[in-house]
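J.: Take a look at this one; I'll ask things after.
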Amino acid sequence: MFEHRVGYFEKMLSIIFGVLCVYLIWLAVLHFNVVPKVLLPWPGDVGHSLQAMIFSRQFWEDLKGTVVTWLLGVGLGSIVGAFLGVALALNKYIWAAVEPWVEFVRALPSVVLIPLVSLFMGVGLSSRLTASALVVAALMMSTSGTAIRSASAVHLRLATAWRASWSQRLIHFEFPAALSHMAIALK
């Protein structure tokens, strides 16, 4: 297979060309009144508004609040989801009963969860934190539970041959197998 690598200069020219094309299409759409100016303002107006927003204190306070809430949600969801996923997957019957519900919640787009969480918790920090933690927890539960359930049969037979206790089997065989899957899911 022929592989062609694009150099730095060519890549920069391609990016500039792409931005220029979007800009020209934007101007053409406005010039020919394809979209009302209320829905799609002129690029200069957008640039001025963006500049004003960046230099306002409120923008940075809102950005800080969003980032902190996101970090807390990811941290909380990771810990809770990984713990619940491992705990539920240790019993094959419990996992068989819970897995469809976990996969259902994991497959829901986060855009769907936000109104549902806001309906029950109101609008504010707690609902944003809950929504982000719920999305991450569902993913981590699914990943860690599936990783525990699919731990290598060879490794588990080895643990049995070594007469490893339940806790040793979990700590030295099943949890390390699930850890790599959880790290990939967190990414």
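The values are calculated or read from the model by the stated rules, or taken from the named source; none is laboratory data. Given the structure is predicted, the values throughout are model-derived calculations rather than measurements. FYI the Cβ positions are ideal-geometry reconstructions off the backbone, even for glycines, and counts take in every protein chain you see. Protein only, heavy atoms only, side chains kept; ligands, DNA and RNA dropped before computing areas. Shrake-Rupley method; radii C 1.70, N 1.55, O 1.52, S 1.80 Å.
J.: Compare LEU30, LEU129, LEU119 in a GNM of the chain, Cα atoms joined below 10 Å, and give the one with the largest fluctuation.
T.: LEU30
J.: Whole number please: convex hull volume per residue of the Cα set in the range 1-60, in Å³? Mind showing how you got there, number by number?
T.: Details: hull volume 10.3 nm³, N = 60.
So the per-residue hull volume is 171 Å³.
J.: Kindly provide the helix-only [θ] at 222 nm of the chain, computed as the sum of -39,500 (n - 2.57) over DSSP H runs of four or more divided by all residues, to the nearest 500 deg cm²/dmol?
T.: Details: 9 runs with 147 residues, N = 187.
So the helix-based figure for the chain works out to -26000 deg cm²/dmol.
J.: For MET53 and MET12, what is the calculated FRET efficiency with R₀ set at 45 Å and r taken between the beta-carbons, to the nearest 0.05? Each step should come with its number before you reach the end.
T.: Numbers: r = 27 Å, r/R0 = 0.61.
E between MET53 and MET12, to the nearest 0.05, is 0.95.
J.: Output the 0 to 90 degree angle, nearest 10, between the alpha-carbon long axis of helix 8-31 and the longest principal axis computed from the alpha carbons of the chain.
T.: 60 degrees
J.: Take LEU156, LEU24 and sort them by solvent-accessible surface of the protein heavy atoms, 1.4 Å probe, largest at the top. The partial results should precede the final answer.
T.: Details: LEU156 35, LEU24 95 Å².
Accessible-area ranking of LEU156, LEU24, largest first: LEU24, LEU156.
J.: Could you work out the Kirkwood radius for the chain, taking every pair of different alpha carbons, averaging 1/r and inverting it, reported in Å? Don't skip to the end; give the middle numbers.
T.: Numbers: mean 1/r = 0.0473 Å⁻¹.
Taking every pair of different Cα atoms in the chain, averaging 1/r and inverting gives 21.1 Å.
J.: Here's another thing I want to ask about it. Determine, from the Cβ-Cβ distance of LEU125 and TRP101 and an R0 of 30 Å, the FRET efficiency 1/(1 + (r/R0)^6), rounded to the nearest 0.05. Kindly include the intermediate steps, with their values, before the conclusion.
T.: Details: r = 27 Å, r/R0 = 0.90.
Rounded to the nearest 0.05, the efficiency is 0.65.
J.: Only Cα pairs within less than 10 Å get springs; with that Gaussian network setup on the chain, which residue of ARG149, ARG157, ARG106 has the largest fluctuation?
T.: Per the Cα network of the chain with a 10 Å cutoff, ARG157 tops the list.
J.: Shifting gears a bit: In a Debye calculation with equal point scatterers on the alpha-carbon sites of the range 103-155 and no solvent, what is log10 I(q)/I(0) at q = 0.16 Å⁻¹?
T.: Once normalised to I(0) and log-transformed, intensities are -0.53.
J.: Over the chain, with the other protein chains present, what is the accessible area per residue in square angstrom, probe 1.4 angstrom?
T.: Numbers: 13760 Å² over 187 residues.
I get 74 Å² per residue for the chain.
J.: Cα axis of helix 110-121 to longest principal axis of the chain: angle in degrees, 0 to 90, nearest 10?
T.: In the chain, helix 110-121 runs at an angle near 80 degrees to the longest axis.
J.: Then there is this: Which residue fluctuates the most in the chain, going by a Gaussian network model with Cα springs under 10 Å, if the choices are GLY81, GLY44, GLY122?
T.: Maximum among the listed residues: GLY44.
J.: If you filter the range 32-131 for chymotrypsin sites (Phe, Trp or Tyr not before Pro), then keep DSSP loop positions with at most 10 other Cβ within 10 Å, what is left? Kindly include the intermediate steps, with their values, before the conclusion.
T.: Numbers: sites: PHE32, PHE55, PHE59, TRP60, TRP70, PHE83, TYR93, TRP95, TRP101, PHE104, PHE120; in loops: PHE32, PHE55.
Loop-located and lightly packed - PHE32, PHE55.
J.: What part of the accessible area of the range 43-153, given as a whole %, is carbon or sulfur when the probe is 1.4 angstrom?
T.: Solvent-exposed carbon and sulfur of the range 43-153 make up 74 percent of the total.
J.: To continue, here is another question. Return the ratio Rg/(2.2 N^0.38 Å) for the range 129-187, where Rg is computed over Cα atoms only.
T.: Ratio of Rg to 2.2 N^0.38 Å for the range 129-187: 1.32.
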